[in-house]
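What follows is one structure encoded as structure tokens, with my remarks underneath.
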Amino acid sequence: MKSDRIDIVTLGCSKNLVDSERLQKLFCKKGYECYVDAPEVEGETVVVNTCGFIGDAKEESINTILQFAEAKTKGEIGRLYVMGCLSERYLEDLQREIPEVDKYYGKFDWNKMVEENFNGNGTRSVEPQAKSVNFNETRSIRHYRYIKISEGCDRHCAYCAIPVMTGRHKSRTMEDILDEVRELVSEGVKEFQVIAQELTYYGVDLYGKRQIASLISQMADVEGVKWIRLHYAYPNQFPMELLDVMREKPNVCKYLDIALQHISTSVLKRMRRETTKEETVRLVESLRAKVPGITLRTTLMVGFPGETDEEFNELVDFVKWARFERMGAFAYSEEDGTYSAEHYEDDVPEETKQLRLDKLMRVQQRISAEIMAERVGQTLKVIIDRKEGDWYVGRTEDSSPEVDPEVLIPAAENVETGNFYDVEITGAEEFDLYGRVKV
């Protein structure tokens, strides 16, 4: 246990990871040795950044807090703090049920945490000596970063608890974002995953209109930015000018993460998604027409209250037609404080939900396998993320870190992590490609 080391444990989505890294940066500037999601927790202080979005994520967060609370009781760690979505939603319950935690903070309270406990006027009475710890030195993978351009959401989807936790949509200024991009490029970052609860709404609150296309265009013009990838767009009133930027800027990946949730108009209406089947089909057709070769990632839901066999089969047929390169799906779970929890009966049996989820994913697995097989024989640009055993592991333009298929290259190849290579694809599995570097 190192007295001046702080370990931050991140749960949930990449937006939480951004928050952890911002907190990490504050600690490093104050001279602490601070790590995010290190393989081994060795610090006297542990900060758990929780997720409170769906049932499984909440359970994981609670179990993680309990794990470190027990470690604190045994003297294996000195202090334990909890922040993030779960403590934002259930602060009083957590304080009552797990009192071993030194203090709980909400989703946006990391500055307060540092001020109260790490400035010599809180539980730590002596400021540690400054260390020459660079923020980027604590990262195992340094060449890509998530960059959050806004927080919150103005949508009112029936099933979603995000607005309950994050509040209304709030954009960062372009100047602030671009300054961060330039700083990160100077630290060696080459690839940016642009994220937000609702990416395509960016700028409305600050500039009176959607400015995502302008922001991404300016990001692409920053020298040293090699790849930009876009996550969490919303289908309603999609800003089509963004597609022009994606098509014309070579360092803006032809990749779009856009959660569609369902295709049946009746289900979409109950979900309060503000779109229809016809509009969604037209949007998918436009995305593929305006950006040839685009990779589409989406998320779909089965078992929403009232979903009939007919509506589910409509969703299956849509997936077969759309042939998404990347697709995830999950079963509906009632969330406290949401419109659907208050107005709908969760009337689809759990067994039916699981059967529908399994069927939908089997359809997608076949599609994914076919799409991956088409890559064999092609030469693709690949960035190398890491080495694992006998393989270097990399990604193509159409793969986001941690969630998408990877490219495996024999470790005997002469490559370095963080660099780009032209790779000939020699084999394919359902979720991975194999290749060799072209000389």
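The values are calculated or read from the model by the stated rules, or taken from the named source; none is laboratory data. None of the values given here were measured: they were computed from a predicted structure. Positions of Cβ are generated from backbone atoms using ideal geometry, with glycine treated the same way; all protein chains shown enter the neighbour counts. Note: accessible area is taken over every heavy atom of the protein model, side chains too, but ligands, DNA and RNA are not part of it. Shrake-Rupley method; radii C 1.70, N 1.55, O 1.52, S 1.80 Å.
Some values worked out for this structure:
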quantity: Residues whose placed amide H lies under 5 Å from that of LYS190, excluding near-sequence neighbours; calculated: TYR144
quantity: Over 25 Å between alpha carbons, listed pairs LYS254/LYS359; LYS25/LYS381; LYS15/LYS103; LYS269/LYS353; LYS29/LYS254; calculated: LYS254/LYS359; LYS25/LYS381; LYS29/LYS254
quantity: Protein accessible area in the chain, 1.4 Å probe - carbon and sulfur %; calculated: 46 percent
quantity: The stretch 305-439: proportion of alpha-carbon pairs further apart than 27 angstrom, %; calculated: 40 percent
quantity: Cys with no candidate disulfide partner in the chain (beta-carbon separation under 4.7 Å rule); calculated: CYS13, CYS28, CYS34, CYS51, CYS85, CYS153, CYS253
quantity: Theoretical gain in end-to-end length, GLU334 to ASP317 [0.36 nm per residue, Cα-Cα removed]; calculated: 3.5 nm
quantity: Estimated vicinal HN-Hα couplings, Hz - the stretch 42-49 in sequence order (Karplus 6.51, -1.76, 1.60; Gly, Pro = x); calculated: 10, x, 5, 10, 10, 10, 9, 9
quantity: Cα-based Rg and Dmax for the stretch 301-367, where Dmax is the largest Cα-Cα distance (Å); calculated: 12.7, 38
quantity: Theoretical gain in end-to-end length, ASP422 to THR352 [0.36 nm per residue, Cα-Cα removed]; calculated: 20.6 nm
quantity: Within the stretch 33-54, backbone nitrogen closer than 12 Å to the virtual label 7 Å beyond the Cα of ASP93 toward Cβ; calculated: 52-54
quantity: Rounded to the nearest 20 debye, dipole of the chain from Cβ charges on Lys, Arg, Asp, Glu; calculated: 1180 debye
quantity: FRET efficiency, 1/(1 + (r/R0)^6) with R0 51 Å, evaluated for LYS112 and GLU430 via beta carbons; calculated: 0.65
quantity: Residues with amide H under 5 Å from that of TYR344, placed H, sequence gap 5 or more; calculated: none
quantity: Largest-first ellipsoid semi-axes for the stretch 246-326, taking √(5λ) over the Cα gyration tensor eigenvalues, angstrom; calculated: 26, 12, 11
quantity: Qualifying trypsin sites (Lys or Arg not before Pro) in the stretch 138-188, DSSP loop, other Cβ atoms within 10 Å at most 14; calculated: ARG168
quantity: Fully extended contour minus Cα-Cα distance, from LEU178 to GLU241, at 0.36 nm per residue; calculated: 20.7 nm
quantity: Amide H contacts under 5 Å for CYS34, placed H, 5+ residues apart; calculated: ILE6
quantity: Computed over the stretch 217-290: relative contact order in percent, which uses C-alpha pairs under 8 Å that are six or more apart; calculated: 31 percent
quantity: Sites SER286 and GLN218 - FRET efficiency at Förster radius 35 Å, r taken between beta-carbons, to 0.05; calculated: 0.90
quantity: Per residue accessible area in Å² of the stretch 1-79, where ligands, DNA and RNA are left out and the probe is 1.4 Å; calculated: 41 Å²
quantity: Share antiparallel - DSSP beta bridges, the chain, percent rounded to 5; calculated: 35 percent
quantity: Surface per residue (accessible, 1.4 Å probe) for the stretch 215-341, Å²; calculated: 38 Å²
quantity: Stokes-Einstein D in µm²/s, Kirkwood radius over Cα pairs - the chain at 37 °C with 0.692 mPa s viscosity; calculated: 141 µm²/s
quantity: Förster radius 41 Å - calculated FRET efficiency between LYS249 and GLU59 (Cβ-Cβ, nearest 0.05); calculated: 0.50
quantity: Test item: Cα-centred dipole of the stretch 161-272, Lys/Arg +1 and Asp/Glu -1 on Cβ, debye; calculated: 700 debye
quantity: Accessible area per residue in Å² at 1.4 Å probe, computed on the stretch 365-439; calculated: 51 Å²
